[in-house]
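Peer 1: Could you have a look at this structure, given as structure tokens, before my questions?
The values are calculated or read from the model by the stated rules, or taken from the named source; none is laboratory data. Quick caveat: nothing in here was measured; it's all calculated off a predicted structure. FYI the Cβ positions are ideal-geometry reconstructions off the backbone, even for glycines, and counts take in every protein chain you see.
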Amino acid sequence: MVTLTSRRNAVPTTMARPNIIVIFSDDHAYQAISAYGSKLAKTPNIDRIANEGAILYNNVVTNSICGPSRATLLTGKFSHLNGYKLNEKVFNVNQPVFPEELQKNGYQTAWIGKMHLGSLPNGFDYLNVLPGQGQYYNPDFVNSKRDTVRYPGYVTNVTTKLSLDWLNQRDASKPFFLVVGQKATHREWLPDLPDLGAYDNVTFPIPATFYDDYNGREAARDQDMTIDKTMRLKEDLKVHADYVNSGIYNRFSPEQKKPFYDYYENKISKEFDAKKLTGKALVEWKYQRYLKDYLATANSLDRNIGELLNYLDKNDLAKNTVVIYASDQGFYMGEHGWFDKRFIYEESLKTPFVIRYPGVIKPRTQINQLVSNIDWAPTLLNIAGVPVPKEVQGVSFLPLLKGEKTPWRKEAYYHYYEYPVPHHVYPHFGLRTEQYTLVRFYGPKDFWELYDLKKDPQQIHNRYGQKGYEAVTADLKMKLRKQIEQYKDDEALKLLAGKL
Ligand code: SGN
Ligand code: CA
């Protein structure tokens, strides 16, 4: 068990109040990052952060969707305590958020780009955020005065440009905390114009679980997030996209629309028509196109991270600035036949997280411990030398980053709520330990699942109720109950009454 109090006031020794930049993307899978061993894409700038600092291999989230992850980032609390359990709700701004603590301690703070909380939280001197999910082309931004301004260009470039503008005009006598919120790589995966066709010469390997039969896994069988049935040819893969009526394409300038149309309508859609695909050939074509669009969208994301790193180099800020790259959650790149996220299963539970902290984190540090996104806020406060408020549920992992021997959590708690739309994923809560995942699904149906990650890393064998797993199951249930109590998830406790 990790004791919270021991870390609360620890201040890093080598650097007082460094600047902090969090580049926070949307739905960017670790399977699509070369630093994580991906063969799918090259992400040299994310890799650079990892190589010059640390990479976290087991950074889990508490609730694998956008708004809830962002609410947890701001509060260091689980969804049931910060109140933001479902997407597209309004984040309650009458609750403490950690950037307020930074402000009190002399930091200037800003969030620019995608935020997706339905309200403008406290704690920021400057806000300029996308309304809701935002738009890829010529995006609107809402500023602190709630004025909406449309910026010409591609959202990833615009967000970076606005971030650099803010850095240029900041008060250089104070340390800063900046969140660069990138919309990429969210659905419907619109690449920037120079990246159209960037992966057309690549044929991606079909994931081993692509044709999963979901045997013994009812929630997995009953979801609505397959490439086969859920992914749309027109809206997602731009096959004969509606350039006339769609709000997406109506925003394009003629100069933007032409290359886009030439590529998707005159090339891709024509190729698609000529092939007359059905069955497996069709679903595999969709998979290939999905990855091509997704990774082309990520090209701009990585390039823009490079821009920011270059800016820090050129302006003598690199040494004194902590840079984090993370996504709000993981994502399926065809594993189990899926896109999207939500499940406690590995690809959506774990999110990429790399951090560079010159002089404090040794280059090429690898962290395998279970870190949770409730730990992000206390870690950032710890880096800034600011005490962590008592009500924060996470723990600073700065000691891990520094390579210090420290007691650390052996299990992480998870609770997902959003049902039935979109994607029809049953609500569930559960526990991820170093070797196992235990899940309780509820809502339409109540049942358990158990995965032995050592024997079955792809999680296709539900071991719950199987011979030989009785002792492990009993132990995990006991631990789950403890976590639920520790984190004060009363709803889960009620759901479990009499079931343990
Ligand atoms: C939209 C998407 C969904 C996605 C949610 C949440 N549909 O509703 O596929 O799961 O956002 O994403 S779309 O047709 O509008 O693209 S999240 O990143 O905000 O959690
Ligand atoms: Ca997201």
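Peer 1: Would you check if there is a residue in the range 101-110 being within 16 Å of ligand 1 (Cβ to nearest atom) and of a type outside the set (D, E, K, R)?
Peer 2: So in the range 101-110, the residues within 16 Å of ligand 1 (Cβ to nearest atom) come out as none.
No, because not a single residue in the range 101-110 is within 16 Å of ligand 1 (Cβ to nearest atom) and of a type outside the set (D, E, K, R).
Peer 1: Condition first: aromatic (F, W, Y) and in contact (Cβ under 8 Å) with a residue 40 or more places away in the chain. Now tell me which residues in the range 138-157 satisfy that. So that I can check it myself, show each step before the final result.
Peer 2: To start, the set of residues in the range 138-157 that are aromatic (F, W, Y) comprises 141, 151, 154.
Once the filter is applied, which keeps residues that are aromatic (F, W, Y) and in contact (Cβ under 8 Å) with a residue 40 or more places away in the chain, the range 138-157 yields only Y154.
Peer 1: For P387, only one of the following conditions fails: (1) surrounded by 21 or more Cβ atoms within 10 Å (Cβ to Cβ); (2) in contact with an Asp or Glu (Cβ under 8 Å, 6 or more places away or on another chain); (3) not in a helix (DSSP H, G or I). What is its number?
Peer 2: The one condition P387 does not meet is (1).
Peer 1: Any residue that is part of a strand (DSSP E or B) and modelled with pLDDT of 95 or more - is there at least one of those in the range 115-124? Full working, then the answer.
Peer 2: First, the residues of the range 115-124 that are part of a strand (DSSP E or B): none.
No, there is no match, as no residue in the range 115-124 is part of a strand (DSSP E or B) and modelled with pLDDT of 95 or more.
Peer 1: What residue, among those in the range 465-500 that are surrounded by 17 or more Cβ atoms within 10 Å (Cβ to Cβ) and among the hydroxyl-bearing types (S, T, Y), is nearest to R217 (Cα to Cα)?
Peer 2: By that ranking, first place goes to T473.
Peer 1: Go through the range 91-137 and count every residue that is closer than 27 Å to A16 by Cβ and either under 18 Å from the mean Cα position of the chain (by Cα) or not assigned by TED's automatic domain parsing to the domain that holds D171 (or both).
Peer 2: 2
Peer 1: Could you run through the range 210-238 and say how many residues are within 16 Å of ligand 1 (Cβ to nearest atom), buried (at least 17 other Cβ atoms within 10 Å of the Cβ), farther than 20 Å from H428 by Cβ and not charged (D, E, K, R)?
Peer 2: Result for the range 210-238: 3.
Peer 1: Do you know which of the residues in the range 375-384 that are in contact with a helix residue (DSSP H, G or I) (Cβ under 8 Å, 6 or more places away or on another chain) and assigned to a helix (DSSP H, G or I) is nearest to E434 (Cα to Cα)?
Peer 2: If we take residues in the range 375-384 being in contact with a helix residue (DSSP H, G or I) (Cβ under 8 Å, 6 or more places away or on another chain) and assigned to a helix (DSSP H, G or I), then W376 is nearest to E434 (Cα to Cα).
Peer 1: Now a separate question. Determine the pairs where a residue that is over 11 Å from R48 (Cβ atoms), located within the range 306-322, has a partner that is part of a loop (DSSP other than H, G, I, E, B) with Cβ atoms under 6 Å apart, the partner being 6 or more residues away or on another chain.
Peer 2: L312/A318; K319/P358; N320/P18; V322/P18; V322/Y357
Peer 1: Return yes when T72 is within 15 Å of ligand 1 (Cβ to nearest atom), assigned to a helix (DSSP H, G or I) and either in contact (Cβ under 8 Å) with a residue 12 or more places away in the chain or not assigned by TED's automatic domain parsing to the domain that holds A110 (or both) and no when it is not.
Peer 2: On the way: within 15 Å of ligand 1 (Cβ to nearest atom): yes; assigned to a helix (DSSP H, G or I): yes; either in contact (Cβ under 8 Å) with a residue 12 or more places away in the chain or not assigned by TED's automatic domain parsing to the domain that holds A110 (or both): yes.
So T72 fits the description; yes.
This table checks each residue for (1) within 15 Å of ligand 2 (Cβ to nearest atom); (2) among the hydroxyl-bearing types (S, T, Y); (3) crowded, with 24+ Cβ neighbours inside 10 Å; (4) within 19 Å of K362 (Cα to Cα).
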site: L40; (1), (2), (3), (4): no, no, no, no
site: I46; (1), (2), (3), (4): no, no, yes, yes
site: G53; (1), (2), (3), (4): no, no, no, yes
site: N58; (1), (2), (3), (4): no, no, no, yes
site: V61; (1), (2), (3), (4): yes, no, yes, no
site: P68; (1), (2), (3), (4): yes, no, yes, no
site: A71; (1), (2), (3), (4): yes, no, yes, no
site: K89; (1), (2), (3), (4): yes, no, no, no
site: N92; (1), (2), (3), (4): no, no, no, no
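Peer 1: May I ask you to say which residue of I21, I49, I65 is away from ligand 1 (no atom under 16 Å from the Cβ), under 23 Å from F124 (Cβ atoms) and either under 16 Å from the mean Cα position of the chain (by Cα) or modelled with pLDDT of 95 or more (or both)? Talk me through it step by step, then tell me what you get.
Peer 2: Values: I49 fails: under 23 Å from F124 (Cβ atoms); I65 fails: away from ligand 1 (no atom under 16 Å from the Cβ).
Within the list I21, I49, I65, the selection yields I21.
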